[in-house]
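Accompanying notes for the structure given below.
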Amino acid sequence: MVRKQHQPYLPSLQPDPPETSERRVAAVATITPTDKIYSYAVPSELADLLGAGQRVEVPLGRQNRPTLGFCVGLSTEPWTSTLKPILRVVDDAPLLDASLIELARWISRYYCCPPGRAMAAMVPEPVRSKSGWRKIRRVRAAKPLAEIESEARRLGPKQRRLIEHLVAANEPVDANVLQNDIGCGCATIKTAAQRGWVVVETAHEPVCGPNFDRPIADPDFELTPDQRHAVEESRRAVDEERFQVLVLFGVAGSGKTEVYVRAIRDVVARGRQAIMLVPEIALTTQLVDRLARRFSNLAVIHSGLTGVQRSLVWSDIASGRKRVIIGTRSAVFAPAPDLGLIVVDEEQDGSYENLQSPRFHSRDVAIVRASQASIPVLLGSATPSLETWHNARRMSHYKVLSLPRRVAGLPMPRVHVVPMQAERHSRRGFHVLSQPMEYQLRETLAQGEQAVLLMNRRGYSSTIFCPRCGWMAVCPHCDVHLVFHQISGILRCHRCSHREKAPETCPDTSCGGTPLRFGEGTQRVEEELLRKFPEARVARADSDTMLRGEQYEELIRRFESGELNVLVGTQMIAKGLDFPLVSFVGVINADTTMMVSDFRASERTFQLITQVAGRAGRARGQGIVIVQTDTPDLPPIRLAVKHDYEAFATQELELRAKLKLPPVYRLTRIVLSDPNDSKVQTEAKKLAEAVREAAEAMGAKLACNGPERCPVQRERQHYRWELLLRAQSAEDMQRVLDRIRGKTLQGVRAKRLVVDVDPISLM
């Protein structure tokens with residue numbers, strides 16, 4: 001037997017510590033449905049080209065699919081593992097500065113959307129693609145002339161002139177200038193570049209942007225004591241570089257716009273920039289003209305601009321050339337490097353909510369941006385949102401600045417209510433306009449003055465039905481009635497834009513009845529006006545007639561000049577417009593906004609009546625307002641007639657507190673939709689259970705109601721189910737949303753998932 005020989009003892013061999021190396025690392029938020037920020041190595045050849053806020057292309061996933069993203073940070077770090085490298089830098093310069101990146105991170109977290117998509121939403125597509133920019137080639141010398149001469153056996157005369165010119169310039173020179181000044185063609189530059197004597201750099205530069213300025217005409221307005229106080233408060237906050245929310249609560253005609261102008265002027269005088277937000281493109285028409293006559297270097301941002309115009313305006317703002325920015329929702333992201341003030345006009349308006357992901361509210365984003373920049377934000381309204389009013393009563397950084405009286409001592413308009421049930425019993429036939437409204441309209445036209453009539457429903461009639469068999473015209477893709485449009489004879493769905501010819505007889509062949517039109521819209525009002533007042537010069541303003549911004553601008557011009565004397569429209573004519581000759585305002589069917597199953601219906605009704613009533617009597621005499629309603633005793637109508645906002649707000653907030661509704665409680669709505677009804681219902685139940693488990697695990701005071709079918713149960717052939725998350729505080733809501741985002745929400749197997757934080761509408 002052979003005995004084993006004992007091996008001598010050897011110490012265990014420890015592997016060498018991994019070799020660490022320092023490299024440049026970029027944090028990238030990809031424009032994909034993921035919350036994760038990825039780390040990528042920055043190749044040495046891209047190190048000098050990349051900065052935070054620029055877009056990059058990176059390999060993503062196991063397939064290394066080229067994907068766009070935003071660089072949100074750069075660092076030099078030791079790494080022991082291999083990082084994928086960035087493929088290319090897309091932009092010449094950052095699209096977002098550090099403050100906007102920080103704002104995007106807040107939007108991503110608060111509104112529960114991927115950070116990359118939040119950043120993409122902040123930069124319009126024409127800006128990303130540099131629409132209207134020109135491509136510039138610049139040439140610089142790569143080596144001293146003596147070194148080049150030692151390398152080359154013989155320099156040609158053109159090559160020598162090129163090198164001597166670049167060495168003397170000691171900076172990059174435009175290739176076109178070289179060709180014109182010293183006669184060097186593209187071939188000469190190309191050859192010199194191939195031999196390493198010169199470097200050709202390519203860049204993009206904007207051409208001159210659109211000019212919105214007008215001849216300066218500064219009227220000599222004497223501010224009221226209340227206006228002076230508001231301007232002084234804004235000036236104090238700007239000087240102290242202090243964040244504050246100033247709520248400018250002023251009745252219609254109290255001079256809120258003049259306060260905006262003076263506050264903006266103070267900011268511009270200090271070498272800083274100001275952003276003024278308006279809710280709709282309609283309101284920019286008059287405001288742009290007014291501000292352009294008070295300021296130079298004005299920029300305008302709204303959906304009516306072409307892509308090239310938007311891109312060039314964005315560039316002018318980023319460079320600091322434009323000091324005053326006025327615009328709609330997306331203007332809150334204007335890249336103003338010296339921002340000193342943000343103004344939000346008509347802050348209560350629902351148009352400030354973005355209806356696509358991320359579903360942000362521009363007013364709230366403006367407040368956060370002002371907070372991050374330590375500047376004041378000025379919220380103006382005659383009927384502040386209950387969220388703003390509630391915050392102003394309990395938060396120390398809010399301050400209410402009241403303008404309780406109209407300028408020049410003008411009285412508030414007299415408001416009369418016409419109960420339409422009694423009106424119908426006293427007249428034969430169907431009439432959209434009541435007798436008192438017809439009388440007042442006739443008096444207004446006889447005196448050479450103007451009238452505004454509000455009917456907050458477009459189309460001719462809200463539905464068509466057969467009285468014999470009960471058939472109703474319903475959209476085949478959505479669970480909503482089709483609206484009849486008289487001029488085209490078409491039935492249209494205002495949710496999915498489905499169109500079909502209106503039938504002359506009941507579609508049920510066994511019935512044969514004649515369909516009747518029920519309800520009224522702006523088209524029917526216009527038709528009755530033209531029939532009863534043939535001498536009137538009438539125009540209609542709604543989303544059917546105002547398809548482009550230029551059309552609305554032309555309408556406003558004609559109404560201001562007196563070419564038109566009656567303006568019929570939806571809520572787009574109810575706010576912000578100032579017509580000195582308007583002495584009469586009529587509100588037709590004031591109950592329209594109350595017919596929606598939404599907890600904000602009363603608030604919207606009060607705001608709409610108050611706002612449109614404010615168009616009357618803004619320059620001379622006392623205006624007259626007539627409100628037609630079937631429910632004259634409803635609180636929002638009764639208190640709007642008295643111009644009593646504070647009584648309405650107090651009463652409505654007490655009701656909201658009892659019902660645990662915003663703004664006393666926080667609400668998030670999650671909507672799931674899919675062509676398969678049973679599938680989406682099952683997914684909604686799973687998600688509801690996951691939300692409840694998350695709330696319980698975190699000890700959050702949050703209730704999850706549902707799932708329930710949405711009020712509009714089907715839209716575009718997709719069945720819709722909703723969850724309503726209700727919390728006592730924003731902190732509890734945020735904690736639960738943080739917990740369920742990612743795997744929980746991304747794991748929902750429905751065609752579409754919408755998370756709507758602080759929803760404006762529950763439809």
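So here's what we get for this one:
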| item | result |
| --- | --- |
| Considering residues of the range 138-194 that are among the hydrophobic types (A, V, I, L, M, F, W, C) and in a loop (DSSP other than H, G, I, E, B) only, the residue farthest from residue 205 (Cα to Cα) | 152 |
| Residue in the range 719-729 that is over 29 Å from residue 105 (Cα atoms), surrounded by 19 or more Cβ atoms within 10 Å (Cβ to Cβ) and not hydrophobic (A, V, I, L, M, F, W, C) present | yes |
| Per-region count, the range 391-408, residues touching a helix residue (DSSP H, G or I) at 6+ places or on another chain (Cβ under 6 Å) and crowded, with 17+ Cβ neighbours inside 10 Å | 3 |
| Filter result (under 16 Å from residue 732 (Cα atoms), among the aliphatic types (A, V, I, L, M) and either assigned by TED's automatic domain parsing to the domain that holds residue 478 or in contact with a strand residue (DSSP E or B) (Cβ under 8 Å, 6 or more places away or on another chain) (or both)) within the range 665-713 | 667, 691, 695, 700, 702, 703 |
| Subset of the range 123-145 [of a type in the set (D, E, K, R), surrounded by 15 or more Cβ atoms within 10 Å (Cβ to Cβ) and within 42 Å of the chain's Cα centre (by Cα)] | 128, 130, 137, 138 |
| Hits in the range 711-763 - residues which are among the hydrophobic types (A, V, I, L, M, F, W, C), modelled with pLDDT of 90 or more and closer than 23 Å to residue 664 by Cβ | 723, 724, 725, 727, 730, 733, 736, 737, 755, 757 |
| Matching residues, the range 729-763, being among the β-branched types (Val, Ile, Thr) and over 24 Å from the mean Cα position of the chain (by Cα) | 736, 740, 744, 748 |
| The one condition in (1) exposed (fewer than 15 other Cβ atoms within 10 Å of the Cβ); (2) farther than 17 Å from residue 757 by Cα that residue 660 fails to fulfil | (2) |
| Test set (1) among the polar types (S, T, N, Q); (2) within 22 Å of residue 358 (Cβ to Cβ); (3) in a helix (DSSP H, G or I) - residue 678 fails condition number | (2) |
| Only one of 330, 311, 362, 381 that is touching a residue at least 12 places away in the same chain (Cβ under 8 Å) and surrounded by fewer than 22 Cβ atoms within 10 Å (Cβ to Cβ) | 330 |
| Of all residues making up the range 550-590, the number that are at negative phi, part of a loop (DSSP other than H, G, I, E, B) and not aliphatic (A, V, I, L, M) | 7 |
| Checklist (1) over 29 Å from residue 300 (Cβ atoms); (2) loosely packed, with under 12 Cβ neighbours inside 10 Å; (3) at pLDDT 75 or above applied to residue 180, failing item | (3) |
| Complete set of residues in the range 35-46 that are surrounded by 14 or more Cβ atoms within 10 Å (Cβ to Cβ) and either hydrophobic (A, V, I, L, M, F, W, C) or assigned to a helix (DSSP H, G or I) (or both) | 37, 41, 42, 46 |
| Residue 687 out of contact with any His (no Cβ under 6 Å at 6 or more places or on another chain), among the aliphatic types (A, V, I, L, M), in contact (Cβ under 8 Å) with a residue 60 or more places away in the chain and closer than 16 Å to residue 668 by Cα | yes |
| Failed item, numbered, when residue 102 is tested on (1) modelled with pLDDT under 90; (2) assigned to a helix (DSSP H, G or I); (3) charged (D, E, K, R) | (1) |
| Residue ranges of helices (runs of 4 or more DSSP H) in the range 377-485 with at least 3 members under 35 Å from the mean Cα position of the chain (by Cα), under 24 Å from residue 344 (Cβ atoms) and not assigned by TED's automatic domain parsing to the domain that holds residue 640 | 386-394 |
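Okay, residues lined up against (1) in contact with a Phe, Trp or Tyr (Cβ under 8 Å, 6 or more places away or on another chain); (2) in the same structural domain as residue 268 (by TED's automatic domain parsing); (3) surrounded by fewer than 12 Cβ atoms within 10 Å (Cβ to Cβ):
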| site | (1), (2), (3) |
| --- | --- |
| 173 | no, no, no |
| 189 | no, no, no |
| 217 | no, no, yes |
| 239 | no, yes, yes |
| 242 | no, yes, no |
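The values are calculated or read from the model by the stated rules, or taken from the named source; none is laboratory data. Computed from a prediction, not measured in an experiment: that's the story for all the values here. Quick reminder, even Gly has a Cβ in these numbers, built from the backbone with ideal geometry, and neighbours come from all protein chains shown.
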